[in-house]
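What follows is a single structure, written as structure tokens, with notes after it.
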Number of protein chains: 4
Amino acid sequence: MAYRAGVVGGSGYAGAELLRLLAGHPEIEVVQVTADSNAGAAVGDLYPSLLPAYERLQFSPLDAADLAGLDLVFATMPHGASQALLPGLLDHVGHAIDLGADFRLPPDVYSRWYGEPHTAPEVADRFAYGLVELYRDEIASHTHVASPGCYPTAVNLACAPLLALELVEPRVIADAVSGVSGAGRGLKTTSLFSEANENVSAYGLLTHRHTAEMELVLTKVAGQPVQVLFTPHLVPTTRGILATCYARPATTGLSTARLLEHYREFYENDPCVVVVDEPSGTKATYGANVVHVTVRFDARTETVVAIAAEDNLVKGAAGQMIQAANLLVGLPETTGLPLLGIQP
Amino acid sequence: MAYRAGVVGGSGYAGAELLRLLAGHPEIEVVQVTADSNAGAAVGDLYPSLLPAYERLQFSPLDAADLAGLDLVFATMPHGASQALLPGLLDHVGHAIDLGADFRLPPDVYSRWYGEPHTAPEVADRFAYGLVELYRDEIASHTHVASPGCYPTAVNLACAPLLALELVEPRVIADAVSGVSGAGRGLKTTSLFSEANENVSAYGLLTHRHTAEMELVLTKVAGQPVQVLFTPHLVPTTRGILATCYARPATTGLSTARLLEHYREFYENDPCVVVVDEPSGTKATYGANVVHVTVRFDARTETVVAIAAEDNLVKGAAGQMIQAANLLVGLPETTGLPLLGIQP
Amino acid sequence: MAYRAGVVGGSGYAGAELLRLLAGHPEIEVVQVTADSNAGAAVGDLYPSLLPAYERLQFSPLDAADLAGLDLVFATMPHGASQALLPGLLDHVGHAIDLGADFRLPPDVYSRWYGEPHTAPEVADRFAYGLVELYRDEIASHTHVASPGCYPTAVNLACAPLLALELVEPRVIADAVSGVSGAGRGLKTTSLFSEANENVSAYGLLTHRHTAEMELVLTKVAGQPVQVLFTPHLVPTTRGILATCYARPATTGLSTARLLEHYREFYENDPCVVVVDEPSGTKATYGANVVHVTVRFDARTETVVAIAAEDNLVKGAAGQMIQAANLLVGLPETTGLPLLGIQP
Amino acid sequence: MAYRAGVVGGSGYAGAELLRLLAGHPEIEVVQVTADSNAGAAVGDLYPSLLPAYERLQFSPLDAADLAGLDLVFATMPHGASQALLPGLLDHVGHAIDLGADFRLPPDVYSRWYGEPHTAPEVADRFAYGLVELYRDEIASHTHVASPGCYPTAVNLACAPLLALELVEPRVIADAVSGVSGAGRGLKTTSLFSEANENVSAYGLLTHRHTAEMELVLTKVAGQPVQVLFTPHLVPTTRGILATCYARPATTGLSTARLLEHYREFYENDPCVVVVDEPSGTKATYGANVVHVTVRFDARTETVVAIAAEDNLVKGAAGQMIQAANLLVGLPETTGLPLLGIQP
């Protein structure tokens, strides 16, 4: 194996998914996995699914010294934790790929949406935003990556062509649903099976923090300020995000056929974006590092509808981290990443 | 029992739900249930859940002559079938409550959205639209009722106060999800467990027929033409519709608190509408004849968001039919109807 | 209302189900509901489903003094808690119906299976075991009831006729599955949606505490010691227990037809037991206070198979408590209890 | 790619899973996929998940001539169909791997359990039974393989060590649950989401055809006739089989620790069998070609309990076919097969 990797926060769902995917990666070997809350437990105790590849691996307590010298550090921790850990590590590891919100947003935007000061603004510009499809240049010129949130990945890839090509007005309504794994492995009443099963509910109305990341990315893509109203919903699936986005046309002559063409062109060099004529369900992406997108123009109400489906733990988390890591070390971006969803 | 009732199309999901609810109704007795495709089968063979109340009842073939003389006929048939059956029956039964689309829309609107001529336009005006909360007067002055579709019930009750009070512009985006029972008991690949489970997908983009019913009702409520863009999604629940609706304010000075007040006032005499501060999930309505609604004003993006949750088989179908039937015969509208959802 | 009732531990799932069912009971009124962990919260905050009946009711902290004088106290607390609360209350309330394990078993058996001393053995004989179908006489001669566990209700009703009629040997294998609500509303990793969904697992192998209750009841029914090997499994449903039980014949001349006849006779006066020819799924019992049972004799392997389905929160918990309470106060046992499952 | 393969019956669930797995196989290339009922459709229309690998592949009508000359033919058809197709093909393809029941059982046993004459008994002995772990020698000496059923794979691997080592009496109770995909993609009421969701039911009581395959294999393993009573249940998962098996000890001195040791030894050269101390849920095997097994001895009731979990579409179908195909062509048996389940 060419690269030695550590997974920080490995007992959470994104961490476990990193372990699963990296076990199939031909060039990256996991040599350490930390999990403060589960330190000492065997990986296979929490995830028997991983036994065939990690029969003897145990979760270690988090110790920055143990990570120094690794080629790749994948960090999946609650927001706030990366600011504490990573600044001291950046010069001692090959590349850090961080799934926390800490370095996704400019520090002042972070402070505003997360309601707390940013404690490491000085290293913020050492991270590229890791949405490969829209930030390839930035990633190429950085050593470290702040990997996007799950909802923003879906919404941004659904809407980017519309805004980049100035086809719609810079106001987007993003209505999305997520499976329960998006809330992580932590113990919350709303994450209980008996609460979430046979139930659909809206939450985080008007104020969900991922809104900031959508506006940041779409603003960059559009070259003008874009406003997003984002409504997330919880649905009874383990995985999967489906985002249905609405915007008003900014040009005449739109049609569904023409929009689909634009999308195919826009993403023609992006193996992880699948443009489909008919909207794919989230199941088409289950376990795979892909986003399926489609688009419609409704002449009757003069509205553009763009839809994206993804697996929140893969393209929305662990898979996307590996996709960026591949670029950081110079591998083809899909190395080791499944692109076929598991259906049914 | 005061009233003798027949259920037409009783082997489908709305029919079975009618049988369940009517078994607990103190004034209505089911004396006949028809189901062409399952004629001869015992009710308990298809729905063992119903055995304690209908141990010996069998599905009969549909024969209009058998229905003549009944006080109440509840019809749940595919669209098109009511036009054939009901015109000849209207003078021979006390009241018909029809769940088909046939008499919900003006005949010309029906023809346009359902792509087929309406064969009984002459009896259309004998039916009131059965959305009790908004059509009490019409129901009072009619003998028969065309009961609303499941999606329109949720969307219309979510948005009616906004449009009635001229708080928003007459353009609504209605983004909704439905459980799989909305597609009925018919055999369709998309209704298979293995297709629908752990999957969310959009369908019927731009053209779902329920759009017509939303525009019709909201236009009446608003007193001006209202346009609706409706996007339905399929989620892995058996029951439940959640509609999240967006509109732009038509007035200044809006706030969430003020909107909630408007809603509480608007629905203060409606026992089947529960206005909640925090959005209820669909589970809060499971098995019950209620719609839970809430509303938000987002000053940042100047958008009003209205949310409704219901059980598509109860308030979205069988329960609403009984609610209207109660009015038709002069009973309190909630007679025999559960209002508490089964949670968890 | 004839009877004033309190619900202790009302914020848990059995407590919420008591509130739902009692709201529809014609003779019992809930005047108090306690929930230490959620004291001060409105019932409708945790269970918006209950809003139409309990708009203003709040959870109180548990205080025995507040319960004194009530006609009925329904207690649903973790095992151990009833021993502390109830002894001092028994003389000050009309009837206590306790869902804890504390008074279901003889104190010494309790100590052995629950691994802790029983602190109130002196009041144990003031409780009848509340499995109405098999303990009507005991309930008639007692003032208080210890209501059975969810698994034992299913297994015992499935097997009682076999053992009472000496049709099988006194050794039973009980293989059962339960929905996740059986584990309650407490925060446990195994109860998380993402852990339980699309997953089936065995647990509590060889040592599940409900075994004691099965052996106790079946031994009484059989008039000789009965041994049970019980294997519970967790399945991704919210509600529902299905028990499949195996025993060897103790007599010749068995046939499925004859066994079904025996079952019909045995339960002919039990409105909450539905004997079915074909095995009902758990959904047939959803929300209803019924157990559906069937039985088979396999001549090839000389084995009897008995199957029971129930809703663990109704006949397996809250409904059964009300069924016993009805008897205690002299009402027909099904008063206020739905017998029709919600299907689909 | 070294081997050119055809998939017959490719539009069913086992077929789609073959396409998914073979897309990641380094030595096998799918060059043809047939599906009579969906001939002409693009693979991606039915399974958008497969688009990234099969963007242009269409389902062909079944034509034996098109298959001649292929190195490998994977057939997944309803029982009966293989007898018609395969006899004429066996000499014209490198290897046939058939998932039908037709060649799993001796023709007379097939006739008895499937209730129809076997029309190609003369080629029956050209197929080895494809349960790699127990039939390696047979596979090595045959050219074609009849791949096992999903339930028998779980039950037989759970029980084989017990019977091979004469630890238990030759009578097994096999109580198992399966996800709905086991019933295939065909349209059946019981496979509808609204019927299967939130429901568990027993079916095929006493007479399920897979019993024959369990008795055949365990009899071979035991060297004496073994009788199996098999009770399958349907649970609301898409994938997954969990089998819990019971037998009486045939020897003294058993303990759980010793049994686990026996199992570890028995399967030490089987990379697709994972022996675990604590029972894995089916989710541990999701999407992977593994069976997780564990075992217990209950001294109290003198019973051995053996438990196996698998993904019915992978180790129970498509994956196992590839595992056998690998052996037939001389590759390591796990080539191209994922062994890590997708959890959560």
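Number of residues in the stretch C:161-191 that are closer than 30 Å to A:LEU187 by Cβ, among the aliphatic types (A, V, I, L, M) and either surrounded by fewer than 20 Cβ atoms within 10 Å (Cβ to Cβ) or more than 18 Å from the chain's Cα centre (by Cα) (or both) equals 2. The helices (runs of 4 or more DSSP H) found entirely in the stretch A:183-268 that carry 3 or more residues being facing chain B (nearest Cβ under 10 Å) and closer than 30 Å to C:GLY240 by Cα are A:193-196. Before we move on, is C:LEU242 within 16 Å of C:GLY149 (Cα to Cα) and either surrounded by fewer than 18 Cβ atoms within 10 Å (Cβ to Cβ) or in contact (Cβ under 8 Å) with a residue 40 or more places away in the chain (or both)? Here the answer is yes, as C:LEU242 does meet what is asked. The set of residues in the stretch C:151-185 that are on the phi > 0 side of the Ramachandran plot and touching a helix residue (DSSP H, G or I) at 6+ places or on another chain (Cβ under 7 Å) contains only C:GLY184.
Only one entry in A:LEU51, A:LEU19, A:LEU46 is under 19 Å from A:GLN323 (Cα atoms) and within 11 Å of another protein chain (Cβ to nearest Cβ), namely A:LEU19. Within the stretch C:115-131, does at least one residue satisfy the condition of being farther than 22 Å from C:CYS272 by Cβ and of a type in the set (S, T, N, Q)? Checking the stretch C:115-131: at least one residue is farther than 22 Å from C:CYS272 by Cβ and of a type in the set (S, T, N, Q). Residues that are hydroxyl-bearing (Ser, Thr, Tyr) and either over 18 Å from D:GLU268 (Cα atoms) or modelled with pLDDT under 95 (or both) within the stretch A:50-66 comprise just one, A:SER60. Taking the condition of a type in the set (A, V, I, L, M, F, W, C), in a helix (DSSP H, G or I), buried (at least 24 other Cβ atoms within 10 Å of the Cβ) and out of contact with any Asp or Glu (no Cβ under 8 Å at 6 or more places or on another chain), does B:ALA158 pass? Here the answer is yes, as B:ALA158 does meet what is asked.
Of the candidates B:ALA41, B:ALA75, the single residue that is modelled with pLDDT of 95 or more, more than 22 Å from B:ALA325 (Cα to Cα), more than 11 Å from chain C (Cβ to nearest Cβ) and touching a strand residue (DSSP E or B) at 6+ places or on another chain (Cβ under 9 Å) is B:ALA41. Against the criterion of being away from chain A (no Cβ under 12 Å) and farther than 22 Å from D:ARG104 by Cα, D:PHE59 qualifies.
Among the residues of the stretch B:159-180, those that are of a type in the set (Gly, Ala, Ser) and within 11 Å of chain A (Cβ to nearest Cβ) comprise B:ALA174, B:ALA176, B:SER178, B:GLY179.
Going by the conditions given, is B:VAL274 under 18 Å from the mean Cα position of the chain (by Cα), of a type in the set (A, V, I, L, M, F, W, C) and more than 14 Å from chain A (Cβ to nearest Cβ)? Spelling it out, B:VAL274 is indeed under 18 Å from the mean Cα position of the chain (by Cα), of a type in the set (A, V, I, L, M, F, W, C) and more than 14 Å from chain A (Cβ to nearest Cβ).
Among the residues making up the stretch A:314-338, those that are within 13 Å of chain D (Cβ to nearest Cβ) and either in a helix (DSSP H, G or I) or out of contact with any strand residue (DSSP E or B) (no Cβ under 8 Å at 6 or more places or on another chain) (or both) are A:VAL314, A:LYS315, A:ALA317, A:ALA318, A:GLY319, A:THR334, A:LEU337, A:PRO338. Within the stretch C:278-291, is there a residue that is in contact with a helix residue (DSSP H, G or I) (Cβ under 9 Å, 6 or more places away or on another chain), without any contact (Cβ under 8 Å) to a residue 40 or more places away in the chain and among the acidic types (Asp, Glu)? Yes - at least one qualifying residue is present in the stretch C:278-291. Filtered by the rule that a residue be under 24 Å from D:GLU265 (Cβ atoms) and surrounded by fewer than 21 Cβ atoms within 10 Å (Cβ to Cβ), the stretch D:298-325 gives D:ASP298, D:ALA299, D:GLU302.
Between a residue in the stretch A:200-212 that is free of Cβ contacts under 8 Å to residues at least 40 places away in the same chain and any residue that is surrounded by 20 or more Cβ atoms within 10 Å (Cβ to Cβ) and part of a helix (DSSP H, G or I), which pairs come within a Cβ distance under 6 Å, given they are 6 or more apart or on different chains? These pairs meet every condition: A:VAL200/B:THR282.
Screening D:LYS283 on (1) in a helix (DSSP H, G or I); (2) more than 9 Å from chain C (Cβ to nearest Cβ); (3) not hydrophobic (A, V, I, L, M, F, W, C) shows it passes everything except condition (2). For the stretch B:276-291, a residue qualifies if it is crowded, with 24+ Cβ neighbours inside 10 Å, farther than 12 Å from B:LYS315 by Cβ and not hydroxyl-bearing (Ser, Thr, Tyr), and the qualifying residues are B:PRO279, B:GLY281, B:LYS283. Total residues in the stretch B:137-155 satisfying the condition of being surrounded by fewer than 24 Cβ atoms within 10 Å (Cβ to Cβ) and within 14 Å of chain D (Cβ to nearest Cβ): the figure is 0. Within the stretch D:29-52, the set of residues being in contact with a Lys or Arg (Cβ under 8 Å, 6 or more places away or on another chain) and among the aliphatic types (A, V, I, L, M) comprises D:VAL31, D:ALA42, D:LEU50. Per the listing D:PRO225, D:PRO232, D:PRO170, the residue uniquely in contact (Cβ under 8 Å) with a residue 12 or more places away in the chain and within 30 Å of C:GLU195 (Cβ to Cβ) is D:PRO232. Any residue at all in the stretch C:201-213 that's surrounded by 24 or more Cβ atoms within 10 Å (Cβ to Cβ) and among the aliphatic types (A, V, I, L, M)? Checked the stretch C:201-213: no residue is surrounded by 24 or more Cβ atoms within 10 Å (Cβ to Cβ) and among the aliphatic types (A, V, I, L, M).
In the stretch D:286-313, of all residues being among the polar types (S, T, N, Q) and under 20 Å from C:VAL235 (Cα atoms), the one that is farthest from the other protein chains (Cβ to nearest Cβ) corresponds to D:ASN312.
The values are calculated or read from the model by the stated rules, or taken from the named source; none is laboratory data. Just so it is clear, the model here is predicted, and its values are computed rather than measured. Cβ: placed from backbone, ideal geometry, glycine included. Neighbour counts: every protein chain shown.
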